[in-house]
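Take a look at the structure set out below.
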Amino acid sequence: MKSFMYTLALIALLLLTQSTAFTVSPLQRLHPSPRDRVAFTVDRSDLNRDITAKGSRVIGRGARSGTQLRGLFGLGGPEVAIIAVAAAFLLGPSKLAEFSKDLGKVAGELKDVPKEFQKGIQEGEAESKAMKAEMMTKPKQVEDVEAKEAE
């Protein structure tokens, strides 16, 4: 029952971090700046057609100031740190040691992934070269058979 409550609390913390509580929203402007104006261009490709105006929004540097970059699954550094501290508190020292040991094993296994990938690429390249060499020898064999039949 106790572990169920810890798991439930951890899930609740994870769900709370997905809310907008830790985000900073950009301030709304009361008056638009000249940089945020709408520019119109006129299409004059055909004089027989009506002149049409196409609107395109011009975004100035000030309009992008509220953009935030998120690191891991849309979470920033402070959110990840809070989750890590809460998880450490809920798991306790014995489970935390076991978890970190398992995490170390997984990290060690992930180091082998690029090596295996490179090995697979080399095997595929060798098979491709073998198939190409085989295809180059077959036309010669066909030519030899045709030459023998012609004689």
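Rule-based calculations on the coordinates, nothing more; no lab input. Keep in mind that what you see is a predicted model, and the values were worked out from it rather than measured. Here Cβ is always computed from backbone atoms with ideal geometry, including for glycine, and neighbour counts include all displayed protein chains.
Here are some notes:
- Each peptide in 102-108, 91-97 receives the mean, over its residues, of other Cβ atoms within 10 Å, and ordering these scores from highest gives 91-97, 102-108.
- Residue by residue, segment 95-108 carries 3J(HN,Hα) couplings of 5, 5, 5, 5, 5, 5, 5, 5, 5, x, 5, 5, 5, x Hz when phi is fed to the Karplus relation 6.51 cos²θ - 1.76 cosθ + 1.60 (θ = phi - 60°); x denotes Gly or Pro.
- Only lysines eight or more places from Lys148 in sequence, or on another chain, were considered; those with a Cα closer than 20 Å are Lys138, Lys140.
- In this label model, Ile121 and Leu10 are separated by 3.6 nm, measuring between points 7 Å along each Cα→Cβ vector.
- With the simple model of a label 7 Å out from the Cα in the direction of the Cβ, Ala97 to Lys129 spans 5.2 nm.
- Neighbourhood charge, 13 Å Cβ-Cβ cut-off, centred on Ala126 and excluding it, Lys, Arg +1 and Asp, Glu -1: -1
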